[in-house]
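Read the structure below first, then the notes.
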Amino acid sequence: SLHDALPIYLIIEQTGCYADVLLDLAKSYSANVYYKNGNLIFEKAIEKLNTNMQGSIHNFTTDKCEYIGSQITCEIGNIVNKVIVKGTNINGSLISGFCVNDDINSSINIYRIGTIQKIIEDDIVFTTKQCQDLAKLELMKSTIAQLKCEIRSTFLPHIESGNIITLSDNNLALSQERFLITAIAMPYNQQTTYSCVNMKEISFSIKQTK
């Protein structure tokens, strides 16, 4: 929880600023930090990605006038199925945690392709739970980054980053495929581009181990 009572020591450079402290604090809790309606918001990033039960905010189809087209790319060079996080050293004991994809329904689990691990070392992570949360977040991010899509359409004000959309396009052999919006580009007086990642691979449960 973001409300855990823990002593946290953050070091800021002489040329640093208040925002640097907020970013480091958010990172130590695997959280997003941003302003919304004048309020400073801390939001657990893992909850933002855990969208399997989230409904679609919009359905893009080729028969709708706002849909212009899409492009699919696949990145297989960054596949990871185990993440180890090493945090700070407290009284000679290294705080650490890891998360592994050992789900038999996943096409990239450790049994099918072997263990491909990523190690993160960060001394602003202070507890085992924080290490585990960060490991789970990084594993989910690495998993959904495989299949990316850029959707071009007219501007749709109800769509925000973090929303789920579906895409049906016969040219891409896609039917009601679920995507997570990761970024939105809105050039002045031009079509809007929605950058997305495919949600299919994070439908499995990721094992979290102490």
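The values are calculated or read from the model by the stated rules, or taken from the named source; none is laboratory data. From a predicted model like this one, the values you see are computed outputs, not experimental measurements. Glycine also receives a Cβ, built like all others from the backbone with ideal geometry; neighbour counts cover every protein chain displayed. For accessibility, only protein heavy atoms count, side chains too; no ligands or nucleic acids. Shrake-Rupley method; radii C 1.70, N 1.55, O 1.52, S 1.80 Å.
Computed about the Cα centre, the dipole magnitude for the stretch 127-168 is approximately 80 debye when only Lys and Arg (+1) and Asp and Glu (-1) carry charge, each at its Cβ.
Carbon-plus-sulfur fraction of the accessible area of the stretch 100-191, 1.4 Å probe, in percent?
Answer for the stretch 100-191: carbon and sulfur cover 49 percent of the accessible area.
Using the Cβ-Cβ distance between Ile79 and His158 with R0 = 30 Å, the FRET efficiency computed as 1/(1 + (r/R0)^6) comes to roughly 0.35.
Across all directions, the shadow cast by the convex hull of the stretch 58-139 built on its C-alpha atoms averages 8.5 square nanometres.
Taking only protein heavy atoms into account and a 1.4 Å probe, give the accessible area per residue of the stretch 123-179 in Å².
Solvent-accessible surface per residue comes out at 42 Å².
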